[in-house]
Amino acid sequence: MIRDLMTIMGPEHRRSVWTYLAWLVLYAVLQGVAMALLVPLLTALLTGQAVSSWLITTAVVVVLACVARYVQTMKGFALALVTLTSLHTRLGDHVARLPLGWFSSEKVGKLSRSATSGTLMVTNVTAHMLTPVVTGVVTPLTVALAVLWFDWRLGLGLLLCAPVLWLVHRWAARWVGIGETRTHDATVLAGNRVVEFARNQQVLRAFGRTTDGYPPLEDAIEEQSRAWGSMLWSSAPRLLAGGLSVQLAFVALIFFALSLPLEPVLVVALLALVARFTGPLAELAGQSGMLRMAANDLRRLAALFDEKPLPEPPSSLPVRTPGSIEFTDVDFAYGTAPVLSDVSFVVPPRTMTAIVGPSGSGKTTITRLIMRFFDVSGGSVSVGGVDVRSLSTEDLMAQLSIVMQDVYLFADTLEANIRVGRPDATDDEVREAARIAGVDEIVARLPRGWETHVGEGGAALSGGERQRVSVARAVLKDAPIVILDEATAALDPENERFVQGALQNLRERSTLLVIAHRLPTVVAADEILVLDGGGVAERGTHESLLAAGGRYTAFWTERQRTQGWRLVS
Ligand SMILES: Nc1ncnc2c1ncn2[C@@H]1O[C@H](COP(=O)(O)OP(=O)(O)OP(=O)(O)O)[C@@H](O)[C@H]1O
């Protein structure tokens, strides 16, 4: 738990965590010493000796314990405050350096939960939960050592009890941990399913799936309630057993103390100490379920911080041929099944290359490798004449503009969404990019013009309009290379006209690599790469490929046959 806390808080707060822990340990030791002083105090009291010196010593130790408690509490709160204010930023900075290939929907679900409940738990741990853990271990240990000093046999009994109680406590908490992991996974899955259910309403309704429910969501919710039920049923009796074991140990130690040939006065005093030995342990046992859950939350958050970004060079090599892309003998697999094998091609600057091929042939994967979502397992990918592994993310991204099919717009104005392409662009440059991509026409139509809010994800705009905004971003960024995934769905003629016009404009100033779905784009390309079977099956111009009569001819014939009609789900 403490190791995870150190990872989460980061090196800059490590010293503060250690200082906080040192004060916490000091408080726990002083608490144990104050308890141990009960023995001479009670002995003096019961035998009629002077108690004033013991009373003063006890009072001093109690005051010191109070001071340590105060400092430790304040330091805990200060750490909790740091956590509240900086942990989200630290997590955001870290996640922003992870390779884009890391962001699967499952990972994003876990990230979202860790960023909310996980960070809150860290705050809770530093502000409150570490105190019973440390006092539950250190105070009984101090008491046991003191008892060892007064009577070694009883002290040994206490020290022997500790590992047994610890094992029982671990056994009970382990079940809570297992149950919590299952409920956590089930909750993340159910959350993802709810989002999926809401997002896919259109498809579900189109296929009449509104009345008979949505089985994946129902299954996820059922699994969630099963996971919670099973955690409660499996852990509650064990936690009770953990608490009971502390009480049993207390009774056993009383019998043991009574069986020892000791002065009755000392026995009474030592029994008081035994009670103080089991007190913090009972408190720890009572909180063990919560502690285990907190430890799991911390583990998951620490695991996020343990995720390594792709290695980056200390400084980027200078780009040699801006606008060029080169694949040299590239092999790549997501898992074990290879997706690309021995793929080589060159895209010279200021040319347009179209990638075509059957679904699953690796078209998107090629664009992901250029953007370095993942590293290749063999060969190399170069951008601007430099291996992408020798470029910093910033320098690589400076070479690329990306227009994907699923355009995500931020819940902001149209203008702000275009400005994402180059935040320091002048208003005139933003307007010009908007004109080229046909966004000015959208602006003119909307009552609030440039100030129109596009809604979350751009929900207030049509798909074609969103793509125009995305093209405007690319125009504004004016990067040497534009990677474009053409929409497979039909654009209406107006959107089509604007997007094609903007493509023409982009082509004059940048290198274009297009996952092409529209026949005019394919025909206009300087080179067409036909992907199949994990590699480039054919390459050439439209005319040369048609003349060869191979896979491309089959692709072309099929596309021509289907271009007159489309299925819209
Ligand atoms: N993140 C991923 N994890 C595992 N496998 C993946 C992942 N993304 C793609 N794949 C697999 O890699 C192969 C190539 O996928 P890719 O998306 O590159 O194909 P594509 O040619 O772009 O297909 P489409 O035209 O349908 O978009 C497919 O078999 C796909 O299932």
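Testing W450 on (1) over 26 Å from the mean Cα position of the chain (by Cα); (2) of a type in the set (F, W, Y); (3) not in a helix (DSSP H, G or I), one condition comes back false. Which one is that?
Of everything listed in (1) over 26 Å from the mean Cα position of the chain (by Cα); (2) of a type in the set (F, W, Y); (3) not in a helix (DSSP H, G or I), W450 misses just condition (3).
When you scan region 483-500, do you find a residue that is modelled with pLDDT under 90 and β-branched (V, I, T), even just one?
Going residue by residue through region 483-500, those that are modelled with pLDDT under 90 are 484-500.
In the following step, the residues that additionally are β-branched (V, I, T) were identified as 488, 499.
The answer is yes, given that some residue of region 483-500 is modelled with pLDDT under 90 and β-branched (V, I, T).
Suppose we filter P349, P313 for residues that are away from the ligand (no atom under 13 Å from the Cβ), out of contact with any Gly (no Cβ under 8 Å at 6 or more places or on another chain), within 22 Å of S392 (Cα to Cα) and part of a loop (DSSP other than H, G, I, E, B); which single one remains?
After applying the criteria, what remains is P313.
Do the conditions hold for S324, that is, is it in contact (Cβ under 8 Å) with a residue 60 or more places away in the chain, surrounded by 21 or more Cβ atoms within 10 Å (Cβ to Cβ) and touching a His at 6+ places or on another chain (Cβ under 8 Å)?
It is false that S324 is in contact (Cβ under 8 Å) with a residue 60 or more places away in the chain, surrounded by 21 or more Cβ atoms within 10 Å (Cβ to Cβ) and touching a His at 6+ places or on another chain (Cβ under 8 Å).
Can you confirm whether S361 is within 16 Å of the ligand (Cβ to nearest atom), within 30 Å of V523 (Cβ to Cβ) and in a loop (DSSP other than H, G, I, E, B)?
yes
Residues R466, R389, R368, R372: which one is under 26 Å from T321 (Cα atoms), more than 16 Å from the ligand (Cβ to nearest atom) and either in a loop (DSSP other than H, G, I, E, B) or within 31 Å of the chain's Cα centre (by Cα) (or both)?
Working: R466 fails: under 26 Å from T321 (Cα atoms); R368 fails: more than 16 Å from the ligand (Cβ to nearest atom); R372 fails: more than 16 Å from the ligand (Cβ to nearest atom).
Being under 26 Å from T321 (Cα atoms), more than 16 Å from the ligand (Cβ to nearest atom) and either in a loop (DSSP other than H, G, I, E, B) or within 31 Å of the chain's Cα centre (by Cα) (or both) holds for just one of R466, R389, R368, R372, which is R389.
Filter region 321-358 for residues that are among the charged types (D, E, K, R) and more than 22 Å from A524 (Cα to Cα) and give the result.
Across region 321-358, the qualifying residues are D329, D331, D342.
Tell me, yes or no, whether region 541-549 has at least one residue that is crowded, with 18+ Cβ neighbours inside 10 Å, among the hydrophobic types (A, V, I, L, M, F, W, C) and within 16 Å of the ligand (Cβ to nearest atom).
Looking through region 541-549, none of the residues is crowded, with 18+ Cβ neighbours inside 10 Å, among the hydrophobic types (A, V, I, L, M, F, W, C) and within 16 Å of the ligand (Cβ to nearest atom).
I want to confirm something. Restricting to region 316-344 and keeping residues that are part of a strand (DSSP E or B) and within 25 Å of R507 (Cα to Cα), which single residue is nearest to the ligand (Cβ to nearest atom)?
V343
List the residue pairs whose Cβ atoms are under 7 Å apart, where the first residue sits in region 354-383 and is touching a residue at least 24 places away in the same chain (Cβ under 8 Å) and at negative phi, the second is within 12 Å of the ligand (Cβ to nearest atom) and basic (K, R), and the two are 6 or more positions apart or on different chains.
If the second residue must be within 12 Å of the ligand (Cβ to nearest atom) and basic (K, R), the pairs left are I355/K363; F374/R368.
Applying the selection to region 496-543, what residues are among the polar types (S, T, N, Q) and free of Cβ contacts under 8 Å to residues at least 40 places away in the same chain?
In the first step, residues of region 496-543 are kept if they are among the polar types (S, T, N, Q); the result is 500, 504-505, 510-511, 521, 541.
Within region 496-543, Q500, Q504, T541 qualify.
Could you tell me which residue of region 290-310 is surrounded by the fewest Cβ atoms within 10 Å (Cβ to Cβ), considering only residues that are part of a helix (DSSP H, G or I) and acidic (D, E)?
Of the residues in region 290-310, the ones part of a helix (DSSP H, G or I) are 290-306.
From the residues that got through so far, the ones that are acidic (D, E) too are 297, 306.
Values: D297: 24, D306: 11.
Among residues in region 290-310 that are part of a helix (DSSP H, G or I) and acidic (D, E), the one surrounded by the fewest Cβ atoms within 10 Å (Cβ to Cβ) is D306.
Can Q287 be described as at pLDDT below 80 and surrounded by fewer than 20 Cβ atoms within 10 Å (Cβ to Cβ)?
For Q287, the condition - at pLDDT below 80 and surrounded by fewer than 20 Cβ atoms within 10 Å (Cβ to Cβ) - is met.
Would you confirm whether or not region 20-31 contains a residue that is under 28 Å from the mean Cα position of the chain (by Cα) and surrounded by 13 or more Cβ atoms within 10 Å (Cβ to Cβ)?
Yes, region 20-31 contains at least one residue that is under 28 Å from the mean Cα position of the chain (by Cα) and surrounded by 13 or more Cβ atoms within 10 Å (Cβ to Cβ).
Given the conditions (1) surrounded by 21 or more Cβ atoms within 10 Å (Cβ to Cβ); (2) modelled with pLDDT of 85 or more, which single one is not true for S390?
S390 satisfies every listed condition except (1).
Sort out which residues of region 352-368 are surrounded by fewer than 23 Cβ atoms within 10 Å (Cβ to Cβ) and closer than 18 Å to L310 by Cβ, and write them in order of number.
T365, T367, R368
The values are calculated or read from the model by the stated rules, or taken from the named source; none is laboratory data. If you're wondering where the values come from, they're calculated on a predicted model, not measured in any experiment. Positions of Cβ are backbone-derived with ideal geometry, glycine not excepted, and every protein chain shown enters the neighbour counts.
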